[in-house]
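These notes are about the structure you will find just below.
The values are calculated or read from the model by the stated rules, or taken from the named source; none is laboratory data. Here the structure is a predicted model, which is why all the values come from computation and not from measurement. No Cβ is skipped: glycine too gets one built from the backbone with ideal geometry, and neighbour counts run over all protein chains shown. Each accessible area value is taken on the protein alone, full model and side chains, heavy atoms only, with ligands, DNA and RNA left out. Shrake-Rupley method; radii C 1.70, N 1.55, O 1.52, S 1.80 Å.
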Amino acid sequence: MSLLGRDFHSSLDDGSKSLLERNSNVTAENVHPAEEASGLSRMQTLIHLLKCNIGTGLLGLPLAMKNAGLLVGPISLLGIGVLTVHCMVILLNCAHHLSQRWQKTFVNYGEAMMYSLETCPNAWLRTHSAWGRYTVSFLLITTQLGFCSVYFMFMADNLQQMVEEAHMTSNNCQPRKFLVLAPILDIRFYMLTILPFLMLLVFIQNLKLLSIFSSLANITTLGSMALIFEYIVQEIPDPSNLPLMASWKTFLLFFGTAIFTFEGVGMVLPLKNQMRDPQQFPFVLYLGMSLVITLYICLGTLGYMKFGSSTQASITLNLPNCWLYQSVKLLYSIGIFFTYALQFHVPADIILPFAVSQVSERWTLFVDLSVRIALVCLTCVSAILIPRLDLVISFVGSVSSSALALIIPPLLELITFYPEDMSCVTIAKDIMISILGLLGCVFGTYQALYELIQPIGHSVANATGVYA
């Protein structure tokens, strides 16, 4: 293997191993030495699991329900949740089997794919087994940078609404009146305003300091979520006029948004490895994901019932224009701001070691900072070019999240256990799940791209915010 190949291989390894410390939308805390010695308790593991599955995608679920229908939406979200959890269990079983086969204490997602290909019957796949790791790492990079781009749009949308409606904000929390208004400043201006602050934020490499930001993000997210639920459960209109089933075109957008919300697939292996009693992890996984799926269905369904046809790309954009709920947008935006740095570390820790290894030591700091700035600018440019929060969420979910959550785990099980006489039922089940994930990926990506190239007024989907 060439020097370039060795360096890139090593950087992928380092980046994958850092996933536990810095993955998920709301958590990236470093594990302290005391915790490493004793391991995580069941409650600590449960909290980590909940935090890594609750992010910006959750706020887009009411619109996802609108895109699917009041009856089809909750049922489909439950089905996708069950399939995702099943794929998490598949990933755990494959990693455990491969770690025993290769006598490893722990294998991550990328390593599991590589080791599985190294023992498959096909000679070509065995020769190119390293590409299994590269593929998983590439999908992780794409997904995390996609999350960061979504964060840009989320913060800009909420900042625009708070600033441009400040003169109309009052203490009277009446339902929002939606008007087609011309924004005072373009949404891209707000993105560029946020950009320098995020550049400074990603320069922070001290994990203990980042863990403080993570805790702050958790507190603001929890408080915001409580206030959102407190509002949407009040005076829910009669839902009888809402469609039980939407068109198939918007259902494809629902699929991308729904799979986008299940962001904890990459965390299950590191969390199990860090548990004090790893044998208890399946119980924690089932309990935690049951709570997550319940939260998803409740927020999505109640939010859609509350706002109906006026449902926006983020439920925060539907909240009343009063100081209490403007503070909700501010708190959630602060939480997302700090979470950006935590999400950013996943692709940075994969790319930076390889980039730094290509230059002499005197240029190390310059290259490090330059790559960080370039990655932040990349997420900003993506948000500027496609300022449609709902469609970008659906696109990222369809392209990369579906591959990590639904397509790869069943294929991994087939490759790992096929030489050991798998049952026909298991083979058929894995093939069906992978085909379902692939169809959702292809058609969901097509529909999201189709909507993105349409003028906002002609689009089937909603515009991102209240402005048109």
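Full extension of the chain between residue 377 and residue 238 gives 45.5 nm of extra length, using 0.36 nm per residue less the Cα-Cα distance.
Hydrophobic long helices, here whole DSSP H runs in the chain with Kyte-Doolittle means of at least -0.5 and Cα atoms spread over 27 Å or more along the helix axis, are found at 72-101, 130-164, 207-232, 281-307, 323-356, 364-385, 424-453.
Between residue 43 and residue 229, the FRET efficiency estimated from the beta carbon spacing at R0 = 25 angstrom works out to 0.65.
Each label was represented as a point 7 Å from its Cα along the Cα-to-Cβ direction; for residue 425 and residue 127 these points are 3.9 nm apart. Think of it this way: in the chain, 52, 87, 94, 120, 148, 298, 377, 380, 424, 441 stand alone, with no other Cys Cβ under 4.7 Å. Residues whose amide H comes within less than 5 Å of that of residue 275, counting only those at least five positions distant or on another chain, are 40 (H built at 1.01 Å from N in the peptide plane).
Across the stretch 157-171, the residues whose backbone nitrogen lies under 11 Å from the label position 7 Å along the beta-carbon direction of residue 185 are 159-161, 163-164.
Taking all protein chains together and rolling a 1.4 Å probe, residue 105 ends up with roughly 140 Å² accessible.
Sequence-distant contacts, meaning Cα pairs under 8 Å at least 6 residues apart, place the relative contact order of the stretch 42-452 at 36 percent.
In a fully extended conformation the segment linking residue 165 and residue 249 would gain 26.9 nm over its present Cα-Cα distance, using 0.36 nm per residue. Extending 7 Å from the Cα toward the beta-carbon at both residue 327 and residue 363 defines two label points whose distance is 5.2 nm.
Calculated FRET efficiency, residue 197 to residue 283, Cβ-Cβ distance, R0 = 25 Å: about 0.05 to the nearest 0.05. Among 296-304, 367-375, the peptide with the highest mean count of other Cβ atoms within 10 Å heads the list, and the full ranking is 296-304, 367-375.
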